[in-house]
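Peer 1: Quick one: this structure, given as structure tokens, is what I'll be asking you about.
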Amino acid sequence: MPILDTVIELQTHRETTSLRMSNIDKFADGSGYCCDLRLWSGRFYYQGPFYFHGHFVNEAINGIRQMLAGQVGEVVLKGLYEEDALWFAMDELGHVAVRGLLNEYTVHRQFLRFHFVTDQTVLNQLLQDLISLNGA
């Protein structure tokens with residue numbers, strides 16, 4: 001059963017870009033999380049599982065707080081050993097770059113790299129959602 005009643009969804013203000021994490025659940029050992037990730041970036045679409053470690057949630061909370069205070073910065077959500085990752089980086093103009101790498105680990109390995117830009121207005125809700133997740 002998911003631990004977060006709501007979803008983590010970036011309001012990107014564009015129809016061609018979105019990132020949504022739903023059905024978020026904590027690992028049995030409490031070390032991290034899994035979720036259903038749905039992503040649109042231009043013509044590219046991904047829907048599938050995404051796993052990320054609790055250590056990176058803590059770092060993301062601290063980093064987003066600094067970005068909301070006006071500092072340039074970057075945070076990442078990822079597992080400890082997997083290559084899959086979501087990065088959120090803010091520049092000096094308040095533009096937030098959202099980029100990531102998602103892998104399909106099969107015999108015929110595939111991966112999706114994506115990158116889109118939104119603005120700092122997405123950060124406050126993202127911070128609140130990560131804090132809620134961290135306390136769950």
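Bear in mind that the values in this text are calculations on the coordinates, not laboratory data. Note that the structure is predicted; figures quoted are calculated from it, not measured. In this analysis, Cβ positions are derived from the backbone assuming ideal geometry, glycine residues included, and neighbour counts consider all displayed protein chains.
Peer 1: So what is the diffusion coefficient of region 8-135 in µm² per second by Stokes-Einstein at 25 °C and 0.890 mPa s, using a Kirkwood Rh over Cα pairs?
Peer 2: Stokes-Einstein gives a translational diffusion coefficient of 165 µm²/s.
Peer 1: Would you mind ranking TRP87, TRP40 by Cβ crowding within 10 Å, fewest neighbours first?
Peer 2: TRP87, TRP40
Peer 1: As an exercise, use a Förster radius of 25 Å and the Cβ-Cβ distance of ASN134 and GLN47 to find the FRET efficiency, rounded to the nearest 0.05.
Peer 2: The pair ASN134/GLN47 has a calculated efficiency of 0.50.
Peer 1: Further question: Expected output is a single nm value to one decimal: the length gained when fully extending between SER22 and ASP91, i.e. 0.36 nm times separation in residues minus the C-alpha distance. What is it?
Peer 2: Gain in length upon complete extension: 22.1 nm.
Peer 1: From a point 7 Å beyond the Cα of ALA69 in the direction of its Cβ, which residues of region 89-114 have a backbone N at a distance under 17 Å?
Peer 2: From region 89-114, the list is 90-92.
Peer 1: Is there a quick way to get the dipole size of the chain? I mean about its Cα centre, with the Cβ of Lys and Arg at +1 and of Asp and Glu at -1; what is the value in debye to the nearest 20?
Peer 2: Here the chain has a charge dipole of around 240 debye.
Peer 1: Which value at 222 nm does the chain reach when only helices count, each DSSP H run of 4 or more adding -39,500 (n - 2.57), with the total divided by all residues and rounded to the nearest 500 deg cm²/dmol?
Peer 2: -7000 deg cm²/dmol
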